[in-house]
Amino acid sequence: MGAVCCRPQPIDFDGDANLFHFVLLRCVGKGAFGKVRVVQHKQTKELYALKYINKAKCVKMKAVPNIIQERRLLEEVDHPFIVNLRYAFQDDENCFFVLDLMLGGDLRFHLERLGSLPEEVVRFFVAQLASGLGYLHEMGIMHRDIKPDNILLDERGNAHLTDFNIAVHFGERKLTGVAGSMAYMAPEILAKRGYTYHIDWWSLGVCAYELVFGRRPFRGRTNSDLTYSISKDQLKWPEDAEKKCSRTGMQVLRGLLERDTSKRFGCKENGEGFQELRRHGWFKPIDWDALEGKELPPPFVPDQKKANFDASYELEELLLEDNPLKAKARKANQDNLSAEMRQMEDQFTSYDFKKMQRRSYYPHNQHLISTATATSSGLASSRPATPANDLKSDSIGIHGSDYVDDSIRDKDSIRLDRMNGDLKDQS
């Protein structure tokens, strides 16, 4: 009798995805109120990254709209150089993103370990990231937080953009809220006179400069000093710059770090900015079709014999976690939820990339999603094919709007990280 009672319940793989579908493996990352760990799908045996976010902490930090925004944006995008969403679901305590697994670590980890990277490696990464940005901007999305920490390598050495927590759709109206990591912010953000997707190209320039020379182009001991440097200081090169970077490479860096957005590389309308960047002499060695098909051998391959992430995350999970993650059945009664918990319950919907049609939740983007996906644009899809795109309009946005604007990014939602001088959103 006892054996019958203790027999594990069979897993319903035909139903909505949930944590019972996955084997929980090692912890590889940590955020303000969530963690990232490696998981394996029990049926397909495929490995993924599981990002999970504690709902109570999310409510406390007033970040519910951001989590829903990220969930919806990730359903919309699919590109070889983006960490794409595979599954989304929730339980009573957490919201879960199941994402492409990147075993090569982030560029901050490699930058701190190596000091700088060879020019040909940086050129390869910049080309891949520029391809991803061109795609996002065509979809009407700006990332707003491009930095080495948010660029992940797969085990072969291909670069991918991640962390869409403060990414937003953009239109003709410019945003004014200060958001992102200060050292990588474009001057127009700090000027608070309005900005659009041009800021992503500036941030890419800061990353590229830092990767080549091992230091950022604009620095300051205080936030006000850093603001002044980004806004006013002349772009300078290290004394050994010519040993580390070719003249054409410096032209690209200078073009990306141009304060005048009408002259900044990547910023011409209708995708012409990205095409102009592709044609630059620095990228002459790059076969763009092969690059976007992930057919080129990356010049930097992460060492798979070593952990390409901070091992303390795993140790902390083992020793300090008082409520370790485990699959739990959902409670039947969901009637007494707070307004914020109800919003997550209703709007952080389930997603399964193998069963569900991709869609945009933003009506103004419906004309884009059918023409700008990885498969239809000629790019090699970064994941198995998804069903045909769903073009039905869903006008339900966060707080009833078509998209989340920068009003959720007020001063109260930004904290100073004194360790690296970054301004980071609480979420």
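Values in this text are rule-based calculations from the coordinates and carry no lab data. This structure is a prediction, so every number in the text was calculated from the model and none was measured. All Cβ positions, even for glycine, are placed from backbone atoms using ideal geometry, and neighbour counts span all protein chains on display.
Cα centroid distance between the stretch 102-179 and the stretch 13-72, in Å? Here the two parts' Cα centres lie 21 Å apart.
So, R0 is 35 Å and r is the distance between the beta-carbons of THR44 and ASP287; what FRET efficiency does that work out to, to 0.05? Using R0 = 35 Å, I get an efficiency of 0.60.
Spin-label pair ARG278-VAL23: with each label point 7 Å from Cα along the Cα-Cβ axis, the two points sit 4.2 nm from one another. Remark on LEU175: its backbone amide H falls under 5 Å from those of TYR195, a criterion applied only to residues 5 or more positions apart or on other chains, H modelled at 1.01 Å from N. What FRET efficiency do you get for GLN9 and GLN304 if R0 is 45 Å and r is their Cβ-Cβ distance, rounded to the nearest 0.05? FRET efficiency, GLN9 to GLN304: 0.75. Here is the size of the stretch 57-143 from its Cα atoms: Rg then Dmax, 16.0, 48 Å. Relative contact order of the stretch 7-137, taken over Cα pairs closer than 8 Å and 6 or more residues apart, is 19 percent.
Among 126-133, 295-302, 185-192, 234-241, the peptide with the highest mean count of other Cβ atoms within 10 Å heads the list, and the full ranking is 126-133, 185-192, 295-302, 234-241. Highest mean first, the peptides 256-266, 147-157 sorted by other C-beta atoms within 10 Å per residue fall in the order 147-157, 256-266.
By the gyration tensor of its Cα atoms, with a ≥ b ≥ c the square roots of the eigenvalues, what is the shape of the stretch 195-316: rounded for a/c under 1.5, prolate for a/b over b/c, or oblate?
Details: a/c = 1.60, a/b = 1.09, b/c = 1.47.
It comes out oblate by the Cα gyration axes.
Close amide H pairs (under 5 Å, H built 1.01 Å from N) link LYS35 with TYR52, residues at least 5 positions away or on another chain.
In this structure, ARG342 and GLU295 have a Cβ-Cβ separation that, at R0 = 41 Å, corresponds to a calculated FRET efficiency of about 0.30.
Classify the stretch 51-108: rounded, prolate or oblate, from the alpha-carbon gyration tensor (a ≥ b ≥ c, eigenvalue square roots; a/c under 1.5 rounded; otherwise prolate if a/b is larger than b/c)? Prolate.
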